[in-house]
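Reviewing the structure listed below.
The values are calculated or read from the model by the stated rules, or taken from the named source; none is laboratory data. Treat the numbers as computed from the prediction; the structure is a model and nothing was measured. Glycine also receives a Cβ, built like all others from the backbone with ideal geometry; neighbour counts cover every protein chain displayed. Surface areas here come from the heavy atoms of the whole protein model, side chains and all, with no ligands, DNA or RNA. Shrake-Rupley method; radii C 1.70, N 1.55, O 1.52, S 1.80 Å.
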Amino acid sequence: QVQLVESGGGLVQAGGSLRLSCINSGGTFSLYAAGWFRQDPGKGREFVAAISRDGGMTEYDDSAKCRFTISRDENTVYLQMDSLRPEETAVYYCAAPESLYTATYTRRPSYRYWGQGTQVTVSS
C-alpha cells in the first residue's frame, strides 16, 4: 500500500532554501520511483524532479536544474531547493508510479499515488 506524506514546506525569502521530505506511511518506499510536482492556483500540476527506485537516475525540469536536488534513502525521498524564486510559490506534491521498473518518470499520467501536498511560499 502506498500512502505518501510530504513535509518541510513553509515560508522563505527569495534566495533561500527549503528541504521537502516525502515518506510512504503505508509501507516500503524503496520499491518505487518517485517524483515531485508543484501546482499554482489556476495552473496545472507541473513536473519538478524525479528519481528512480534505486536513486541511480534523476531528472529535472529545466527551471530546477542546478538549484534543486532530489535524493532518497530507504524510507524517504527529499527535494533540496536552493536559490528559491517567488514564482516557485506553489503546493508541492510527492508522487509514486504504479510501475516497479527502475526508471524515472516525468509525465504526470505515469504517477498513480499522490501525497496531500505541502505549501511552499517564497517572498520577494
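Spread over its residues, the convex hull of the C-alpha atoms of the chain is 89 Å³ per residue. For ARG53, the residues 5 or more places off, or on other chains, whose built amide H falls under 5 Å of its own are ALA33, ALA103. Each Lys and Arg contributes +1 and each Asp and Glu -1, all at the Cβ; summed about the Cα centre of the chain, the dipole is approximately 160 debye. Loop-located GluC sites (Glu not before Pro) across the range 25-124 with a Cβ neighbour count of 11 or fewer within 10 Å are GLU74, GLU98, with loop assigned by DSSP. Given a 1.4 Å probe and every protein chain left where it sits, what share in percent of the accessible area of the chain is carbon and sulfur? The nonpolar share, carbon plus sulfur, comes to 45 percent. Within the range 22-101, the chymotrypsin sites (Phe, Trp or Tyr not before Pro) that combine a DSSP coil assignment with at most 13 other C-beta atoms in a 10 angstrom radius are TYR101.
By the Cβ rule of 4.7 Å, the chain holds the following cysteines without a possible disulfide partner: CYS66. Loop exposure criterion: trypsin sites (Lys or Arg not before Pro), DSSP state outside H, G, I, E and B, at most 12 other Cβ atoms within 10 Å. Applied to the chain, the longest stretch between such sites is 1-42.
What FRET efficiency comes out for LEU31 versus ASP61 if R0 is 22 angstrom and r is the Cβ-Cβ distance? Round to the nearest 0.05. Given R0 = 22 Å and the Cβ-Cβ separation, E is 0.35.
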